Each structure stands twice: as C-alpha cells, then as structure tokens.
Amino acid sequence: MLLGAASTAALGVGIAGVAAQSATAPASGVIPLDPVVVDQPAQKPTRTQRAARSRSASATRSRAIAARTAAAAAASRAMPSTNGGTSGPRETGWGHVDGYVATRSGTGTKTDAALIETPAAVSVVTQDQIQAQGAQSVSQAVRYTPGVRVEPTGADARFDTVYIRGFAADQYLDSLRLLNFGVFAYPIVEPFNLERVEVLHGPASILYGQASPGGVVDMVSKRPTLDPTHEMFISTGSYGRIQGGVDLSGPIDQNKEFLYRFTASGLDVGSQVDHTGYERVSIAPSLTWRLDNDTTLTVLGTYQRDPKAGFYNQLLPLGIGTITPYKGQYIPTGFYSGEPNFDKTDRTLGAVGYLFEHSFGNNLKVRQNLRYSDLDTDFAVVSPNPGTDPTNMTRGAYTTQENIRSFTVDNQAEANFNTGPFQHTVLAGIDYMNATDKRLNGSLAVVPSINALNPVYGVPIGPVPSTTNVRQTIDQLGGYLQDQIKFDRFVALLGVREDLATSRTETLTYATNLTAIAPKSDTATTKRGALLYKFDNGIAPYIQYTESFQPTAGTDFAGNPFAPTTGQQEEVGIKYQPNAKSLYTIAAYNLVQQNVLTPDPDPSHGPTARVQTGEIRSRGIELEAKTEVNRDLSLIASYTYLDNIVTKTNTVAQLGKHPVGFAMNSAAAWADYTFHGGPLDGFGLSGGVRYIGPSAGNTANTFYVPGVTLFDAAIHYDLAGLGRPFKGYSLQVNATNIFDKTYVTFCQDIGCYYGLRRNVIATLRYRW
C-alpha cells in the first residue's frame, strides 16, 4: 500500500502540473504558444535533390519523414552538428533518423545524449534500417547488431528472444519494462510501430533495476510529429503472406498545440513448418498536447491481437535427424511435431500510458513516464518428449491460460549546472513496477506418438486435466542518481541505485489440494562509473565499470529463497565519429555473473534440488560500423568474439564448458547502393551476409551445432521516375537466406531447432 501511495502521489504531482498550466489559459481555451521554428523548403526540390537526402532506400522516404522530430522536443531547432557545422532539424534520442546512422540515444543514460559522448556500447537500429532490411520482428531488426544472438528457435517465433553477450536480454518499450516473468505470456512489439530499436550492451541495473547482466533492448515508439507525414503499404510474399499498414501523423490544429499519430497494421502468413502460421492486428494511436513550448504530454495506446501467435516445434536432442541423419534420413524442415487441431497460441495485449515532460527554463526539467498493460495468452501444445528415434516420438499435451497485468512508472528530474569548469547533467529518478501473473496449467503426460519422417495428424487428444493454479505478484521500487560530467574533452559518468524487489507466489496443486506460498524480498545496490576522452578528430576512447542484479525464483532444499544473481563488468572501448553520417565502435569487456543455479551436490536432496554456487564468465570483443560513404552508398558491418564459459558449478562435466547456443565468432555486413541521376535514378540494390559460427549443442559440449553463412538481398525503386502519377510510390523486394540453406540454428539438451528458410517479401509503399 505504501508503494502504491507513493506512485499515486507522484502521478498526482504530474497531473497537478498539467492542471496548473491549463488554469492559465484564456477563456477561448486556446493557449498562446511561442512561435515554432520549422524548416520549410523554399521551393519544391528537384528529383535529384530529393534523392540526395536518401541513403538507405529511396528518395521518397526522406521526403516524407525528413521533418520528423520527437514530440518531447517541442520544436525543430537548428543546432550545431557533431562535426562542428550546422544542421537542420535537431536529432533527438527518441526521434526519427533519416538513414542508418543515429548520433543520439536516450537508452544509455535516460537523457538525450550524443552517442560519441556516451561511455558505453549502444547500438541503434533505425526505422529506415528496419524497413530497408524487411525485418518482421524486433529480433530480426537486430540481426546485424554485434554481441546479440537472435532467433535461436528459428520458425518457432512465439517470443522475440534476444541474447546479449551470452545472456537473455530484458526488453523495454519507451524505457519502461515489458514484463516477461510469466510462462507463455510474453509481449511482442510490432516493429512497424517503432521509431528505433536500441541495444545497450552490458549490465544496466543502474538505470533499469533488476535486469539481465547482458544488457537491455529498448524500443522507442513512433510519436506524433510537428509536420504531417503519411504512409501506407501492402506486402505479399512467401508462405501466402498478406500484410498491410498505415502510419498517419501531424498537427490537429493550426498552431500545433495538439499532434496526433495513428499506426495500424495487419498480417496473415504461413510458415515453413506445416500446419502453422501467424495472424496479427496491431493498432497504436497516440496524442501529444503541447501546453506550451516547455510542457508536453503524449498519451500512447496499443491494442494487439495475435490469434495465431506462434507454435512450439522442438525436435529430438543431440542433433539426431537434424545435424546427423537417422538411418540415412533427415527430419524435413516442414515437419510439425504437434497436433494442428489442438495446438494454439492466442495472445491479446492492451496497453495505455503517457510521457510527460516540463522544463523549468534551460536548467531543470521533470519527466514522468507511465504505462498500464493487460496481456492474455491461451496456450495449448502437443510436444515431443526427449528421445532418440524420430520414427517414434513420444509426446505429451500441455495447456496454460495466463494473464499478466502490470503497472510501471518512472519519475525523473534532470538538472544542468556548472561547478567551476565542470558541466553537470544530473539525473535523479524513482521508478516503481507492480505486476500480477495468473496462470492455470494443465498436462497430459502421454498422448499418441508421431513419426517425424511420415507424420499422421488428427489423433484424438483427451481432456487435459488442470495440474496447478499459480498467482504471482512482484513489486520493485528503485531510486537512482546519475551525473554526467564534462570537463574540457573529458566526459565522466557516475551513478548509483538502490532497489527493493519483492514477490509472492501462491501455487495450488490440484493433486493434493494444497497451496504453497513463497514470499521473497531482495535488496540491491548497483553502481556504474565511466570515463571518456573526446579528441578533436572524432576519436573517443572510454573505460567503464557497471553492475547488475536479477532476482531468482525458487528455494533450496531447506526452503531458503534464492538470492538474486549479481553481475559485474569491466569494459574498454573506442568510438570514432568523423562526421554526422558515420559512427564506428569497438568494445572489449569482461563480464561475470554470480549466484547461478546449479544442481545440489547432496544426492539425498533429490535430482531437482538446486544451490547457488554457479558462475558464468563472458569475455568478448564487439565491433560495429555504420556509415553513409556518399549519397549513393551506405554500409553496416559488425563482428563479435564471444568467449563465455561456466567457471563454477557442482556438475563437473559442465565446468569450463560453453553454455549452449552461443557462437564464439559471428559477423554481419549490409550494403545499399542507390542510383542518383541517370537512367537508373531512384533504383537501388542491397545485399547482406550473416555468419554465425559453431555453438555448443549440449551442456557437456560433446557435440556442436555447425556454423552457417546466410545471404540476404533487396531491390528498391522510387516509382516517381515513371511519371507524375506515380509520385510518392516505391516498390521494394526483400529476400532473406536467398540460397535457401537448410541449417540448425540452436540445440540444447532436450532438442534442436531448424533455422529460417528462404523468405521473399514484396512491398508497395505510398508516402505523401
């Protein structure tokens, strides 16, 4: 109750501020605003001029969205560029970026900071890059980002699973956590609704509280724009794809006090796996109220319905029939291990929230970000049990009906001031999260088996009895303080955070009609310190130390709750930004996670008992390059060296071994060339290559999943070259895994997954 009261009070302060502003409005109801400076072209640009503003896809893209800025920025202002010249509309850490190269971010510091001055590895995937590469999920959007492992389960895409530096990453939307502590109720964000996807590499508890040591994925929603922008698209392609969407934004009234945005899309597509597919309807409206040039309130809403949200399709362990043949045969990539008339993953998400900001002059601003969400998932599956005979795969049936309701709020105060020669940007914040997970689980241990080489479906599946009814509630309250200090060419980043995380789990077991109650409370203090030196030539070396903590569910044999895992990382890196259209980064790190669960060494405690004596060490090097070489050519490249091993465990066979699924070496590159002028004006070609090295296939490292090299490609054309009736239209065709290579993407002790086969998508887009 105390936590709820605190959050209510904070919310009341924000609302009171809005009311106070409204009280000063004239009787007409129209609040006078200071003039807004927006860059407007003096005359219609020529086709060549329009094309020059496009680096990634086509001239049409730049024309339609060049004037976009974040709503919180209040206006488009001219400002010095990163190379000392002047630029047009100011880029913000939460706004649109033309092309692939972002220069600012809000994820690494929760302030609008230049990436070249942020002493941490931060990768930004812009909406232009998402569209240019034809990414259909957040996981696909970060395929070309160093340090990440995506799509480990191939066509089984129920979740947007992203691993960073060898650890499952937590996901955030507008810097507010997306709760994923349930079993199958995991939210998936439609990438068309996003302005950018940002990856913060390494521990981030200083800003985000309980979080994975690997890092976080922060997605930034599209927000209302000061200038009108309109977009529609339709797509078709492999597996019977039917897809379409619309994105409309701009001012509602003449003096731009109210801005709107409406984003909606729909999808119906099959899969490379027989009897499976995906369906989605997503609607994301938003409204910005600019009370004055110092105060903005943006309300964001989301409704997403996925009646077909994915499927479970894990195949036999040890690579039998997938990596190595079974009696001379391989399991077909189209084989489905479940039952089409029984299996389902039905997901519905509703969310509403707001972003509030008020500036008290140039030196102090306050922000409050808030979101409430409700997520329902109805899951049922027939899945194979571990075995070694693909012609006789035994199976079980499982069901889960799950609902997660969550409330998150982040209150911030940002102050800018000087103490002698030191320039300070101090951020103080209090965030709070509450979530309740309710789930009804059922299981049927034995159902008819299936032959993977000659499957027969339609066998009757008896009623699945309920086994457990679980209610879990979690709360987290955290306070953090951060100081960004500039002195001459030095930039220091110091921060500390204190967290209180509590949970209560009630489990009713129907077989015994007994309810087990497991309360838990954890506290943690996390720190970060970093130093960067920025040379005049654009080179900026840095060092960083940062920490993480993450609560661990469950108890040991004696009933003692597990302590949170803790993580510490040392990182050194160099950033190089020769101009506003290029950014190069190299980072080397040493990351250790303690309190990892490992089997209890006392056999009398049973095979499922666990103790916290495990430790995992991750070391690596990450390189990333994004550059617009000239108006025609844009390049992306990345390389990852990852050496993660188990350094402490009670299982001797796992000591010194690599965790499953992570390649030691991986690399990716993407290039786009767009013709400007001449007979091919507006036509562009793109190509990409992704290399994923071998990875451990089981915890004992007795076999490895082979490495694979995949090729992607795209062509795009601005149809305005065909004549005035086609102005604003563009056509794009994307193909991934263009040579249709069959490969295994991931194996673990209980099964393997095939990687994604060739996928071709053709998109017709209209912008005006």
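Taken together, the values in this text are just the output of simple stated rules run on the coordinates, not laboratory data. Quantities reported herein were computed from a predicted structural model and do not represent experimental measurements. With ideal geometry, Cβ positions are generated from the backbone for all residues, glycine too; neighbour counts draw on all protein chains shown.
For the pair ASP294 and TYR372, label points projected 7 Å from Cα toward Cβ lie 3.1 nm apart. 3J(HN,Hα) along the range 248-258: 10, 7, x, x, 8, 10, 5, 8, 6, 6, 10 Hz, from the Karplus curve 6.51 cos²θ - 1.76 cosθ + 1.60 with θ = phi - 60°, whole Hz, x for Gly and Pro. For the range 175-192, putting each phi into the Karplus relation 6.51 cos²θ - 1.76 cosθ + 1.60 with θ = phi - 60° gives couplings of 6, 10, 5, 8, 5, 9, 8, x, 8, 10, 7, 9, x, 10, 9, 5, x, 5 Hz, in residue order, rounded to whole numbers and with x for Gly and Pro. Residues whose amide H lies under 5 Å from that of THR276, counting only those 5 or more places away or on a different chain, are SER271; hydrogens are built 1.01 Å from N in the peptide plane. Working ranking of peptides 743-749, 683-689, 104-110, 188-194 by packing, defined as the average number of other Cβ atoms within 10 Å per residue, highest first, is 104-110, 188-194, 743-749, 683-689. Close amide H pairs (under 5 Å, H built 1.01 Å from N) link LEU316 with CYS752, residues at least 5 positions away or on another chain. Loop-located trypsin sites (Lys or Arg not before Pro) in the range 520-565 (DSSP state not H, G, I, E or B) with no more than 11 neighbouring Cβ atoms inside 10 Å do not occur. Considering only alpha-carbon pairs that sit under 8 angstrom and 6 or more positions apart, the relative contact order computed for the chain is 12 percent. For TYR457, project a label point 7 Å along Cα to C-beta. Then give me every residue of the range 371-393 with its amide nitrogen under 12 Å of that point. What the label zone holds, given the 12 Å backbone N cut-off, is 382.
Would you mind calculating the relative contact order of the range 119-220 from Cα pairs under 8 angstrom and at least 6 residues apart, reporting the percent as a whole number? Taking the mean separation of contacting Cα pairs over the length of the range 119-220, I get 33 percent. Over the chain, dividing the summed -39,500 (n - 2.57) contributions of all DSSP H runs of at least 4 residues by the number of residues returns a 222 nm mean residue ellipticity of -1500 deg cm²/dmol. Taking all Cα pairs closer than 8 Å and separated by 6 or more residues, the relative contact order of the range 719-768 comes to 40 percent.
Over all other residues within a Cβ to Cβ distance under 13 Å of ALA284, the charged ones net out to +2, with Lys and Arg as +1 and Asp and Glu as -1.
Residue-wise HN-Hα couplings along the range 673-682, as the Karplus relation 6.51 cos²θ - 1.76 cosθ + 1.60 with θ = phi - 60° gives them from phi, are 10, 10, 6, 10, x, x, x, 9, 3, x Hz; Gly and Pro carry x.
At q = 0.09 Å⁻¹, work out log10 I(q)/I(0) for the chain with the Debye formula, treating every Cα as an identical point scatterer and leaving solvent out; two decimals please. At q = 0.09 Å⁻¹ the computed log10 ratios are -0.86. I'd like the orientation of helix 2-23 relative to the chain: the angle between its Cα long axis and the longest Cα principal axis, in ° from 0 to 90, rounded to 10. That helix lies at roughly 20 degrees to the long axis. Shown is the FRET efficiency for ALA428 and VAL572, computed with R0 = 22 Å from the Cβ-Cβ distance and rounded to the nearest 0.05: 0.20. Rounded to the nearest 20, the Cβ-based charge dipole of the range 559-642 about its Cα centre (Lys and Arg +1, Asp and Glu -1) stands at 260 debye.
Of interest is the spacing of the C-alpha centroids, which for the range 382-443 and the range 161-204 amounts to 8 Å.
Partner lysines whose Cα lies under 20 Å from the Cα of LYS626, excluding those fewer than 8 positions away in the same chain, are identified as LYS534, LYS575, LYS581. Remark on PHE703: its backbone amide H falls under 5 Å from those of GLY697, ASN698, a criterion applied only to residues 5 or more positions apart or on other chains, H modelled at 1.01 Å from N.
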